[in-house]
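Presented below is the structure to which this report refers.
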Amino acid sequence: MSSQTVARRYASALADVVLSGKEARDIQAELIEWESMIRSSDLLQEVFRNPTIGYDQKRAVLEEMIGRTKVRPATGNFLRILLKNQRLTELGEINRKFAQVVDERSGVVAAEVTTARPVSDEIKQALHQRLVAMTGKQVRFSFATDETMLGGMITRIGSTVYDGSVRSQLRQVEAMLAGK
């Protein structure tokens with residue numbers, strides 16, 4: 001079974017539990033912190049990946065960390081399940097899928113906007129209003145800059161790409177002039 005399939009199953013199961021309690025975003029933030037904590041420690045990665053380290057030892061490490069970080073009970077239980085099923089090392093992919101599931105169920109779409117230079121708050125707000133009108137959903141933005149772009153912007157919502165870059169517009173003009 002692919003890691004994305006596994007991640008989606010765990011993410012959906014977690015969403016089933018936490019969306020009814022309205023604490024999904026808090027748990028999501030805690031899981032992101034855990035992912036970062038594990039990823040930044042070679043020792044933790046070794047402990048949770050190494051099959052020669054026994055389950056009881058791994059569980060002791062996890063319980064100690066849960067106690068120190070004082071996460072919500074649902075987060076702690078989810079981490080215990082991941083450890084028991086030997087999926088704790090897949091927390092990054094599970095977090096990404098969980099964010100998608102929570103967004104889908106909450107009526108939110110994620111938009112990734114890439115521009116040549118940083119954009120003003122006015123442009124961000126106008127783009128937000130336009131995308132809300134287009135999608136009929138709430139929109140969560142992430143902005144990035146790509147200095148190789150000549151100008152304009154590229155917006156990705158799911159698998160749909162709206163390419164308003166200058167390069168794309170020049171290609172369209174080129175194709176039109178070439179009679180294609």
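The values are calculated or read from the model by the stated rules, or taken from the named source; none is laboratory data. Treat the numbers as computed from the prediction; the structure is a model and nothing was measured. Don't worry about glycine lacking a Cβ; one is built from the backbone with ideal geometry, like all the others, and counts go over all protein chains shown.
If I filter the stretch 28-63 down to residues being within 15 Å of residue 81 (Cα to Cα), aliphatic (A, V, I, L, M) and surrounded by 17 or more Cβ atoms within 10 Å (Cβ to Cβ), which single residue comes out as nearest to the chain's Cα centre (by Cα)?
Taking the candidates together, the pick is 31.
Return only the number of the condition from (1) modelled with pLDDT of 90 or more; (2) over 28 Å from residue 12 (Cβ atoms) that residue 117 does not satisfy.
(1)
Could you check residue 144 against (1) farther than 23 Å from residue 102 by Cβ; (2) surrounded by fewer than 11 Cβ atoms within 10 Å (Cβ to Cβ); (3) among the aliphatic types (A, V, I, L, M) and say which number it fails?
(1)
Could you check the stretch 36-80 and list, in sequence order, the residues that are without any contact (Cβ under 8 Å) to a residue 40 or more places away in the chain and touching an Asp or Glu at 6+ places or on another chain (Cβ under 9 Å)? Working first, answer last.
So the first thing to find is which residues in the stretch 36-80 are without any contact (Cβ under 8 Å) to a residue 40 or more places away in the chain, and the list is 36-37, 40-44, 46-47, 50-70, 73, 76-77, 80.
Passing the criteria: 53, 69, 76, 80.
Is it the case that the stretch 159-167 has a residue that's of a type in the set (Ser, Thr, Tyr) and closer than 22 Å to residue 8 by Cα? Outline the logic, then answer.
Keep residues of the stretch 159-167 that are of a type in the set (Ser, Thr, Tyr), which gives 159-160, 162, 165.
Pick out the ones that are also closer than 22 Å to residue 8 by Cα and you get 159-160.
Yes: one or more hits.
Could you give every pair whose Cβ atoms fall below 6 Å, whose first residue belongs to the stretch 1-25 and is in a loop (DSSP other than H, G, I, E, B), and whose second residue is among the charged types (D, E, K, R) and modelled with pLDDT of 80 or more, counting only separations of at least 6 or pairs across chains?
19/105
Condition test on residue 154, is it more than 21 Å from residue 24 (Cβ to Cβ) and either surrounded by 15 or more Cβ atoms within 10 Å (Cβ to Cβ) or over 25 Å from the mean Cα position of the chain (by Cα) (or both)?
On the way: more than 21 Å from residue 24 (Cβ to Cβ): yes; either surrounded by 15 or more Cβ atoms within 10 Å (Cβ to Cβ) or over 25 Å from the mean Cα position of the chain (by Cα) (or both): yes.
Answer is yes for this residue.
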